[in-house]
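Accompanying notes for the structure given below.
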Amino acid sequence: QVQLVESGGGLVQAGGSLRLACVASGSTFSISTMGWYRQAPGKSRELVAAISSRGVTNYADSREGRFTISRDNAKNTVYLQMNSLKPEDTAVYYCNVRDYRFDVWGQGTQVTVSS
């Protein structure tokens, strides 16, 4: 079955950067949309950014400009480069891969931004 493994989370000071990675396995993903979502304590899960199979990107308004999503289809990997991080970016970040065959979530990786 499809599995997603996220990495790259951690503790960073405000203004710092992190790069998240999500490696997908168990299928082919060339037609899949790959994305990152996040969930802060007491809040609903929300879209951070997504990238289609053709490389079209979609960002939540408040993240565009600081965050960049990219994918490497040869490695079945989606990345999220996060710059100028703010304490309000603190959350668990989840990878998602979906197409007509499946809609799969990763386990999540914690990102904590200290002020």
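The set of residues in region 37-51 being aliphatic (A, V, I, L, M) and surrounded by fewer than 19 Cβ atoms within 10 Å (Cβ to Cβ) consists of ALA40, LEU47. Just so you know, in region 57-115 the residues that are in a loop (DSSP other than H, G, I, E, B) and aromatic (Phe, Trp, Tyr) include one that is least open to solvent (accessible area, probe 1.4 Å), and it is PHE102.
Scanning region 57-115 for residues that are within 15 Å of LEU11 (Cα to Cα), touching a residue at least 60 places away in the same chain (Cβ under 8 Å) and charged (D, E, K, R) yields a single hit, LYS86. Residue count for region 21-46 under the criterion of being more than 14 Å from VAL97 (Cβ to Cβ) and in a strand (DSSP E or B): the result is 3.
The values are calculated or read from the model by the stated rules, or taken from the named source; none is laboratory data. This is a predicted model, so every value here is computed, not measured. Neighbour counts are summed over all protein chains in view; Cβ atoms, including those assigned to glycine, are modelled from backbone coordinates with ideal geometry. For accessibility, only protein heavy atoms count, side chains too; no ligands or nucleic acids. Shrake-Rupley method; radii C 1.70, N 1.55, O 1.52, S 1.80 Å.
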